[in-house]
Amino acid sequence: MSWHPQYRSSKFRHVYGKAASKEKCYDCVPITRNVHDNHFCAVNPHFIAVVTECAGGGAFLVIPIHQTGKLDPHYPKICGHKGNVLDIKWNPFNDFVIASCSEDATVKIWDIPKHLLTRNITSPKKELLGHVRRVGLIEWHPTANNILFSSGYDYKIMIWKLDTAKAVISNPVKILDAHNDVVLSMSFNTDGSLLATACRDRKIRLIDPRAGTVLQVASYKSHRVNKVLFLGNMKKLFSTGTSRWNNRQIALWDQNDLSVPLLEEDLDGSSGLLFPFYDSDTCMLYVVGKGDGNIRYYEISPEKPYLNYLMEYRSHLPQKGIGMMPKRGLEVSACEIFRFYKLIPSKSLIEPISMIVPRRSESYQEDIYPLTTAAQPALTAQEWLNGVNKGPLLVSLRPGSGAVNSLPQFLESEPLINTTDLSQHQGRGGRMPLKDMQKPSEIEDSRKQLKVEEKFPKNEQTCLSNGFDVFECPPPKTESELLQMFYRQQEEIRRLREVVNQRDIHIKQLELELRNLCMDTGSY
């Protein structure tokens, strides 16, 4: 282990892992015995899906997230594949749609009913036929709707467009034929414009998926890569693999130069695979070992030493696979910043593990919950295929908050005010109330008045929002600070608009009273 400074300022330095109690686990789950190196588990705020044992084909279970305890041995399965299921992934923009791939060389898209399953589901919503050998990996596009990537043992990556009426799709929109061996891992950057892959030939490739061109190749001989992961907007890649002496190893790469890793570190001599998970909101990296019960976690920084070791969660029960809950499904009142679902086949058990920041207050902790990825797509499938890039839509985890626009639009002043208007009126039911309707000239006057109030606040009260000085604070240094400042300024602008509207209403009321008074005096 490399040298780490003893004292370092970080709000995540004391994060600890907490396993769920027995009654909050999922017991008697027939977890698959397949030796394929995948997660075998997918989670969203409504369901947990896990690949299971099935005679005569492949199947997986979809269990409601709150249905803990012992599972009925006759619980219905999703069993439409003719071979073992190798990977499952929930649609990031629809919690009731899941994709699966199998040894039967097909990819299937399933609709999960909102009510409790009463019988096996055998007919998929869509079937994707293109690979000639078994399909080992699938990944949904992070920002575009209805775009799915699949990778098979025919060494090809296929891009599928799903927003068609056909139940069977046999022609992918793009085939990436850039590998000479089986693809072991796929990862997108934040806006989905780049794809990083790890191949069995021990090389990392950085690919433009729409053009189909390989931008860079890393073939560092002392690091034999198994899994690769984009680290959000850090412009860095993280990979796990083995060293020349078969030690488990992690490496950090510069996205613009894959010739030599920025950092390389041996962990231990175990033989199990290492699964990396990255939380771009907190800049925390989790490394989960297959075949052991350990979860190491680090904090990523843009400058050296880049990788700051925090702590390690240890358990005597080895995990075969692991699932991850999206941030919008976490319990913010308990300061939970990450949640794993650990597959323990020796006990037929799925054990949730929460990563918690120790805080005494039970109120919403805004500093550890910046804006996170929302469940709405930023692009349509055709827009992305046409070359449009856009970051994900963001949402606050504060209870009752709604989605806001993605990061590229934050940096423009005029669209920012328009976005506030839209979000304000959508929050009121999508229509503008009759009393708030104004003439165009009045709207322009109110905008000018608002700009004057923003530049020259009349008193200290208009400058402060929840103790935050909008006008005299230091400039943000990181993306997280920028997003937090935007969110607070958005609240301040909304409050000021409400003040302006109330003043307009009060003026109209005074005019009406004055008119009535004039009419009364005129009658006398």
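The values are calculated or read from the model by the stated rules, or taken from the named source; none is laboratory data. In this text, all values refer to a predicted model and were calculated from it rather than measured experimentally. Virtual Cβ from ideal backbone geometry, glycine too; neighbours counted across all protein chains shown. All accessible areas refer to the heavy atoms of the entire protein, side chains included, with ligands and DNA or RNA removed. Shrake-Rupley method; radii C 1.70, N 1.55, O 1.52, S 1.80 Å.
Selection of strands (runs of 3 or more DSSP E) fully inside segment 188-290 by the criterion of at least 2 residues being out of contact with any helix residue (DSSP H, G or I) (no Cβ under 8 Å at 6 or more places or on another chain) and either open to solvent by 50 Å² or more (accessible area, probe 1.4 Å) or among the aliphatic types (A, V, I, L, M) (or both) returns 195-199, 204-208, 213-218, 224-230, 248-254, 263-268, 284-289.
Within the set Pro318, Pro377, Pro358, the sole residue that is within 28 Å of Leu195 (Cα to Cα), in a loop (DSSP other than H, G, I, E, B) and not aliphatic (A, V, I, L, M) turns out to be Pro377. Just so you know, in segment 454-474 the residues that are of a type in the set (S, T, N, Q) and in contact with a helix residue (DSSP H, G or I) (Cβ under 8 Å, 6 or more places away or on another chain) include one that is modelled with the lowest pLDDT, and it is Thr462.
Which residues, taken from segment 96-135, are touching a Cys at 6+ places or on another chain (Cβ under 7 Å) and within 28 Å of Phe230 (Cβ to Cβ)? The answer is Val107, Val135. Of the strands (runs of 3 or more DSSP E) lying entirely inside segment 21-66, those containing at least 3 residues that are of a type in the set (A, V, I, L, M) are 47-52, 58-64.
Residues in segment 376-389 that are open to solvent by less than 50 Å² (accessible area, probe 1.4 Å) and more than 16 Å from Ser280 (Cβ to Cβ): Pro377, Leu379, Ala381, Trp384, Gly387. If you filter segment 154-182 down to residues that are without any contact (Cβ under 8 Å) to a residue 40 or more places away in the chain and of a type in the set (S, T, N, Q), you find that the one that is farthest from Thr106 (Cα to Cα) is Asn180. Mind checking whether some residue in segment 80-88 is over 17 Å from Leu176 (Cα atoms), at pLDDT below 95, open to solvent by less than 20 Å² (accessible area, probe 1.4 Å) and part of a loop (DSSP other than H, G, I, E, B)? Yes, segment 80-88 has at least one match.
Of the candidates Leu137, Leu117, the single residue that is at pLDDT below 95 and crowded, with 16+ Cβ neighbours inside 10 Å is Leu117.
Where residues in segment 7-43 are of a type in the set (S, T, N, Q) and buried (at least 22 other Cβ atoms within 10 Å of the Cβ), which of them is farthest from Ile300 (Cα to Cα)? Only one residue tops the list, namely Thr32. Among the residues making up segment 53-64, those that are more than 16 Å from Trp110 (Cα to Cα) and either open to solvent by less than 10 Å² (accessible area, probe 1.4 Å) or without any contact (Cβ under 8 Å) to a residue 12 or more places away in the chain (or both) are Ala55, Gly56. Restricting Lys477, Lys451, Lys508 to residues that are modelled with pLDDT under 70, assigned to a helix (DSSP H, G or I) and exposed (fewer than 15 other Cβ atoms within 10 Å of the Cβ) narrows the list to Lys451. When segment 303-347 is filtered for residues that are within 22 Å of Thr478 (Cα to Cα), modelled with pLDDT of 90 or more, over 20 Å from the mean Cα position of the chain (by Cα) and open to solvent by 20 Å² or more (accessible area, probe 1.4 Å), the ones remaining, listed by number, are Tyr306, Tyr309, Leu310.
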